[in-house]
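A short worksheet on the structure shown next.
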Amino acid sequence: MALANTDTSMQLGDPECPECGGRGYFLSRKDFSVQVDITPCECREKYQLKQLITASNMSDNLRQKGFKNFKVTPKTKAMFDMAYKYVKRHEELIKAGKGLAITGSVGVGKTHILAAVANNLLAKKIPVCFVNTPDLIAELRQAQFSSNKHEYERKIRALSKVAVVIFDDLAKEKVKDFAREQYYRIINHRYEHRKATMFSSNCTLDELAEKLGDATTSRLVAMTKDWFVHIEAEDYRVMGE
Ligand SMILES: Nc1ncnc2c1ncn2[C@@H]1O[C@H](COP(=O)(O)OP(=O)(O)O)[C@@H](O)[C@H]1O
Ligand SMILES: [Mg+2]
Ligand SMILES: [Zn+2]
């Protein structure tokens, strides 16, 4: 998983753009005026959105998940409604550092719904990082023990800074000391800086506390207060349409 730099403020235009050649803007000056006008190039908006999508780390499969292609059932309605309401109120909620939390059984659409949230936020140009949590831990471990220490710090920094982070399948793996420390470091940073943090997990909150420790779990609970749902339903993959 590539945790790309999510700061797109410095990346102006599409390097392939025939109009601006990647500068992302045009300068013009009226006859004898000292004032220079800056006109943004049309490529810019599309390019920046593309950068955000790359930085979000979402696969093509996840990019297809939306509210429209989710079939709401009585048992999944609470999850759907909560996520939908979150997107509607995202501005205020992201500012307040609030995120969604979905726990429950396998195949009920937790990942689908969080991906739908991510896709909606990306469409509004909000930097989101969608994290497959077991993969992240494996990568951090590899980076930590490689000779390139910068890579490890860069990944941690990227996850601490980005506006919204979604930890999908939190604590799915067997959480050892190393992972517990990484979770604490990232989650504590986001908690202290009121950064919107979301998660899905097959674990109950008690199991999360057991695996991640009370300090990390209590911060996650605080960050998702009023936006927490637990779903027990049939596995959609088994049930089919
Ligand atoms: N209610 C639903 N409507 C449409 N597709 C669904 C629904 N629930 C699950 N799916 C699909 O079933 C698959 C498994 O769902 P997923 O979100 O991965 O479940 P979970 O993360 O809860 O294990 C995904 O491809 C998802 O898009
Ligand atoms: Mg899932
Ligand atoms: Zn251009």
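The values are calculated or read from the model by the stated rules, or taken from the named source; none is laboratory data. Being a predicted model, the structure only gives us computed values, none of them experimental. Don't worry about glycine lacking a Cβ; one is built from the backbone with ideal geometry, like all the others, and counts go over all protein chains shown.
Of all residues in the range 199-217, those satisfying the criterion of being of a type outside the set (V, I, T) and exposed (fewer than 14 other Cβ atoms within 10 Å of the Cβ) are D206, D214. Scan the range 104-121 residue by residue and report those that are more than 10 Å from ligand 2 (Cβ to nearest atom) and either under 12 Å from the mean Cα position of the chain (by Cα) or β-branched (V, I, T) (or both). Residues satisfying the conditions are A116, V117, A118, N119, N120, L121. Of all residues in the range 31-66, those being touching a residue at least 40 places away in the same chain (Cβ under 8 Å) and touching a Phe, Trp or Tyr at 6+ places or on another chain (Cβ under 6 Å) number 3. Within the range 8-44, restricting attention to residues that are exposed (fewer than 14 other Cβ atoms within 10 Å of the Cβ) and among the acidic types (D, E), the residue that is nearest to ligand 1 (Cβ to nearest atom) is E16.
Please pick out the residue among V229, V165 that is more than 16 Å from ligand 1 (Cβ to nearest atom) and modelled with pLDDT of 90 or more.
None of the other options fit; the residue is V165.
Of K125, K155, K195, K149, all but one fail to be among the basic types (K, R) and more than 30 Å from E45 (Cβ to Cβ); the exception is K149. When D169, D206, D214, D226 are checked against the criterion of being within 20 Å of T103 (Cβ to Cβ) and either among the polar types (S, T, N, Q) or within 16 Å of ligand 2 (Cβ to nearest atom) (or both), a single residue qualifies: D169. Within the range 14-30, residues that are within 12 Å of P40 (Cβ to Cβ) reach partners that are surrounded by 15 or more Cβ atoms within 10 Å (Cβ to Cβ) and of a type in the set (D, E) with beta carbons closer than 8 Å, at six or more positions or on different chains, in the pairs G24/D14.
Of the residues making up the range 213-241, those that are closer than 16 Å to R185 by Cα and among the hydroxyl-bearing types (S, T, Y) are T216, T217, S218.
Check every one of the helices (runs of 4 or more DSSP H) wholly within the range 27-113 and list those with 1 or more residues that are within 16 Å of ligand 3 (Cβ to nearest atom).
In the range 27-113, the matching helices (runs of 4 or more DSSP H) lie at 43-56.
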